[in-house]
Amino acid sequence: MDLEQFSGAGETVVNDRRFITPIAADGQRPDKLLVCRGTGCSSAGSVTLGQTLKEELGRRGLAADIEVVETGCFGFCRMGPIMVVNPGQAFFCQVQPDDVPEIVGVLLEGGQPLERLMYRDPTTDELIQTMSEIDFFGHQERVVLKNCGRINPEDIDEYIAFEGYFALATAVREMTPGEVVDVIKKSGLRGRGGAGFPTGLKWEFTRNSKGDIKYVICNADEGDPGAFMDRSLMEGDPHSVLEGMMLAGYAIGSNQGYVYIRAEYPIAVHRLEIAIRQAREKGLLGRPVFDSSFSFDVDIRLGAGAFVCGEETALINSIEGDRGEPRPKPPYPAVSGLWGKPTLINNVETLANVPRIIRGGWEWFAERGTPTSKGTKVFALAGKINNTGLIEVPMGTPLRTIIYDIGGGIPHGHKFKAAQTGGPSGGCIPAEHLDVPVDFDSLIKIGSMMGSGGMIVMDETDCMVDIARFYLDFNVDESCGRCPPCRIGTKRMFEILTRITEGKGQVEDLYTLESLGAFMKDAALCGLGQTAPNPVLSTLRYFREEYEAHIKEKRCPAGVCKALRHFRIDPDKCRACSVCTRVCPAEAITGERKKGPFVIDPAKCIKCGACVEKCPVQAVIQ
């Protein structure tokens, strides 16, 4: 069966996207209520929502006719908890348990649509009833995420119904291991964990390494601030990751895999455990599959949440029970990895792409993206943006499309200032590069990087010096301390940035930051130390005037750095209402009610900003 065809009844293909045929007009009764049970919606109450739906359907005697399916992340996290009705894809957002009786009544008996639970286009104010009509989804191409929000991730039969494990069957029955490696090489798939190394080439190196025992490791140690791509994939479609690992094992000659996942992802861990158990029960793990001699098994290893363990050799040390510190390379894991054996390490998204490539063919995958960055990329969109959530777009999609067409622009009428990609290892992309194609090579050229897929959007209320300081603070805490360039370098850079934000910086500090950053990139042992200076170097490159304002003018243009904040009351605006005096915790504001403007004593002011927030006439100036 071709990848673009599905066996599900009532489905159609529209503009190369798969949607379920809308209902309502023909009075067709829904048979599935899809409720998001990803981490975001779960924290917003979707667990109780799902249970309430089941109870209401049971009360009406409809539990056998209408199934409540707890799915993975739909992606539109800002609008959670989300519920989608099938057939029809009627889309309800920010649904609460109290809404359930009314929803069920309208769905079954008809009546006025529940406008308060429908999505409203922020530009046109138009109510949108179905998922396929929402711009957030319409500008995406969901390849890796195609099952997230569509299937029950805890039911292997649903994964199989959507061609799950078909790629594995094709590979072991019709292809040699070398042919599988060749398909991955031709597809142009590059590692989605950050470095972008060609996946097929890594597989070939590991396959050609000598050794009777080889290992496959899924790197699920996602640690970037604001990133949740891998977590959502494992929560919404864990079998795609397992199938990718099995295909990798077949290609390189391995019979054992490990998923290294941080323990602070409880839902993902739970669903992986269920998926592994179900795959074993189906005879897909732990025994020869599809009448072949190939067998593969998977175990889970929990990490303690150390960011450095995302580096492959530190990850290996952690699995072996040692301290999570990187090893000098060479030898590379492909030659000597886990317990000294050849080891293939790919991240979650990379492995989830593999079954799609085997089923669709390398040509199908390679026609997406750019000449050097093939396929699609999943991003976690967060920060100062209207539509936060999980998105998937073809490589090369302009940043402007992501920010404005999918993300819905910047809230509260503010202007876009920068997008931080690549987490603590990446850089900040300024407004002048809004039209840059988002792919591996284009981002590196402008001083940033793809990273694993975190994208944090900032507006003019963000201080870029403070942003750089935040990421250096993170890297100081997460450095394993093994090599001096990282252990000492990150600390010294953080101290310099702290001085600058406190108004104690010198012009010479900027040159020290640049030279220290260049040294760390060349001398640090692993990727953490080598890329730790990137947030500083990129903000110096594009926002140097902000650094100079902090140093020369003792002023934070964004008003973020507390030590550089100064407050005064405009006598022409002040109504002498005394609100500011009542909220000031330091008693730094004096004046007599209704008898003239109030005054702030700078010696007593602790610069908390409470007076700015509470002044009814905006008389307090920062």
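Remarks
- Near pairs, Cβ below 9 angstrom, 6+ apart or cross-chain, from region 240-266 (in contact (Cβ under 8 Å) with a residue 60 or more places away in the chain and of a type in the set (Lys, Arg)) to any residue that is assigned to a strand (DSSP E or B) and surrounded by fewer than 24 Cβ atoms within 10 Å (Cβ to Cβ): none
- Residue within region 198-212 that is surrounded by fewer than 21 Cβ atoms within 10 Å (Cβ to Cβ), in contact with a strand residue (DSSP E or B) (Cβ under 8 Å, 6 or more places away or on another chain) and either part of a strand (DSSP E or B) or not acidic (Asp, Glu) (or both) present: yes
- Residue within region 553-566 that is of a type in the set (D, E, K, R) and over 29 Å from Phe416 (Cα atoms) present: no
- Single condition Ser538 does not satisfy, out of (1) in contact (Cβ under 8 Å) with a residue 40 or more places away in the chain; (2) outside the structural domain of Leu513 (by TED's automatic domain parsing): (2)
- Look at (1) at pLDDT 90 or above; (2) among the hydrophobic types (A, V, I, L, M, F, W, C); (3) part of a helix (DSSP H, G or I) and you find that Val144 fails only one, number (3).
- Number of the condition not met by Asp291 [criteria: (1) within 30 Å of Glu174 (Cα to Cα); (2) surrounded by fewer than 16 Cβ atoms within 10 Å (Cβ to Cβ); (3) modelled with pLDDT of 95 or more]: (3)
- For region 324-337, the set of residues classified as closer than 17 Å to Thr206 by Cα and crowded, with 24+ Cβ neighbours inside 10 Å consists of Pro333, Gly337, listed by residue number.
- Candidate set: region 581-616, residues that are part of a loop (DSSP other than H, G, I, E, B) and small (Gly, Ala, Ser); chosen: the one surrounded by the fewest Cβ atoms within 10 Å (Cβ to Cβ): Ala603
- Members of region 443-469 found to be without any contact (Cβ under 8 Å) to a residue 40 or more places away in the chain and not β-branched (Val, Ile, Thr), listed by number: Leu443, Lys445, Arg469
- Output for region 238-267, where each listed residue is in a helix (DSSP H, G or I) and either of a type in the set (Asp, Glu) or in contact with a Ser or Thr (Cβ under 8 Å, 6 or more places away or on another chain) (or both): Glu243, Gly244, Ala248, Ile252, Ile267
- Meets criteria (part of a loop (DSSP other than H, G, I, E, B) and within 28 Å of Met395 (Cα to Cα)) for Thr350: no
- The residue list Gly164, Gly75 contains one member that is within 25 Å of Leu381 (Cβ to Cβ), buried (at least 16 other Cβ atoms within 10 Å of the Cβ) and modelled with pLDDT of 90 or more, which is Gly75.
- The residues listed here are Gly321, Gly286, Gly303; of these, the one that is within 30 Å of Pro484 (Cβ to Cβ), surrounded by fewer than 17 Cβ atoms within 10 Å (Cβ to Cβ) and among the small types (Gly, Ala, Ser) is Gly321.
Results for (1) closer than 19 Å to Arg231 by Cα; (2) not hydrophobic (A, V, I, L, M, F, W, C), shown as yes or no for each residue.
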| position | (1), (2) |
| --- | --- |
| Ser295 | no, yes |
| Ile319 | no, no |
| Tyr332 | no, yes |
| Ser336 | no, yes |
| Pro355 | yes, yes |
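- Subset of region 273-327 [under 22 Å from Arg262 (Cα atoms) and part of a loop (DSSP other than H, G, I, E, B)]: Ala304, Gly305, Ala306, Glu311, Glu320, Gly321, Asp322, Arg323, Gly324, Glu325, Pro326, Arg327
- For region 49-66, the set of residues classified as of a type in the set (A, V, I, L, M, F, W, C) and in contact with a helix residue (DSSP H, G or I) (Cβ under 8 Å, 6 or more places away or on another chain) consists of Leu49, Leu53, Leu57, Leu62, Ala63, Ile66, listed by residue number.
- Against the numbered list (1) in contact with a Lys or Arg (Cβ under 8 Å, 6 or more places away or on another chain); (2) under 19 Å from Arg29 (Cβ atoms); (3) free of Cβ contacts under 8 Å to residues at least 40 places away in the same chain, Leu127 comes up short only at (2).
- Residue within region 213-223 that is in contact with a Pro (Cβ under 9 Å, 6 or more places away or on another chain) and within 24 Å of Gly369 (Cα to Cα) present: no
- Test: residue in region 461-478 that is part of a helix (DSSP H, G or I), over 27 Å from the mean Cα position of the chain (by Cα) and crowded, with 24+ Cβ neighbours inside 10 Å: no
- The helices (runs of 4 or more DSSP H) found wholly in region 496-544 and carrying at least 3 residues that are in contact with a Ser or Thr (Cβ under 8 Å, 6 or more places away or on another chain) and crowded, with 22+ Cβ neighbours inside 10 Å occupy 527-531.
- Residue check for Glu311: in contact with a Cys (Cβ under 6 Å, 6 or more places away or on another chain) and charged (D, E, K, R): yes
The values are calculated or read from the model by the stated rules, or taken from the named source; none is laboratory data. Predicted model, so just to flag it, every value in this text is computed and none were measured. Here the Cβ is made from the backbone with ideal geometry for all residues, glycine too, and neighbour counts use every protein chain on show.
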